1. Look through the range 20-64, keep the residues that are acidic (D, E) and closer than 27 Å to L93 by Cα, and return whichever of them is surrounded by the fewest Cβ atoms within 10 Å (Cβ to Cβ).
2. Given the structure, is L117 in a helix (DSSP H, G or I) and either among the acidic types (D, E) or surrounded by 13 or more Cβ atoms within 10 Å (Cβ to Cβ) (or both)?
3. Which members of the range 1-19 meet the condition of being surrounded by 14 or more Cβ atoms within 10 Å (Cβ to Cβ) and modelled with pLDDT under 95?
4. Residues that are in contact (Cβ under 8 Å) with a residue 40 or more places away in the chain and farther than 22 Å from L119 by Cβ, at least 3 per element: which helices (runs of 4 or more DSSP H) completely within the range 1-96 meet that?
5. Mind checking which residues of the range 97-114 are surrounded by fewer than 14 Cβ atoms within 10 Å (Cβ to Cβ), among the β-branched types (V, I, T) and more than 16 Å from the chain's Cα centre (by Cα)?
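The values are calculated or read from the model by the stated rules, or taken from the named source; none is laboratory data. As the structure is a prediction and not an experimental result, all values here were calculated from the model. Here Cβ is always computed from backbone atoms with ideal geometry, including for glycine, and neighbour counts include all displayed protein chains.
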Amino acid sequence: MNKTIFCTGIFFGALSVVLGAFGAHGLKNVMSLSELDTFNTGVTYQMYHALLLLVLGSVQGIPEKAKKQVYYLIVSGIIFFSFSIYLLATNSLTGFNFKTIGFITPIGGVLMILGWLLLGYQAYRRLK
């Protein structure tokens, strides 16, 4: 088991629960339904990838180097994708126009996809 990867999964999972609760209770009266839905998309994808990190940290038979590559892709993807969505969804609450950073959201999505594909490739090659 890779302790760092597993603990990062726990951190992002717990953070997604906190942010989901904050969105559902703290933001529901100050944001539109569309903005809340957008915020929830970030929470959902963060949780999916937190669970992936828990699996990645636990799986045996994949070299640590490959696990680290997947780890960096997924963590970068979470930060670029989910965190940019949080900022974009709360744009109406701040004085800063976060739409100028909207281009990083799809970059985060691509990083997450690459992480999944690399994990799949490594699993196909090495697991029996």
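1. Quick first cut of the range 20-64, residues acidic (D, E) only: 35, 37, 64.
Imposing the further condition that a residue be closer than 27 Å to L93 by Cα reduces the set to 35, 37.
Values: E35: 18, D37: 12.
Here the answer is D37.
2. Numbers: in a helix (DSSP H, G or I): yes; either among the acidic types (D, E) or surrounded by 13 or more Cβ atoms within 10 Å (Cβ to Cβ) (or both): no.
When the stated conditions are applied, L117 does not pass them.
3. N2
4. Working: elements: 3-21, 33-58, 64-89.
Passing ranges, in order: 33-58, 64-89.
5. Hit for the range 97-114 is T100, nothing else.
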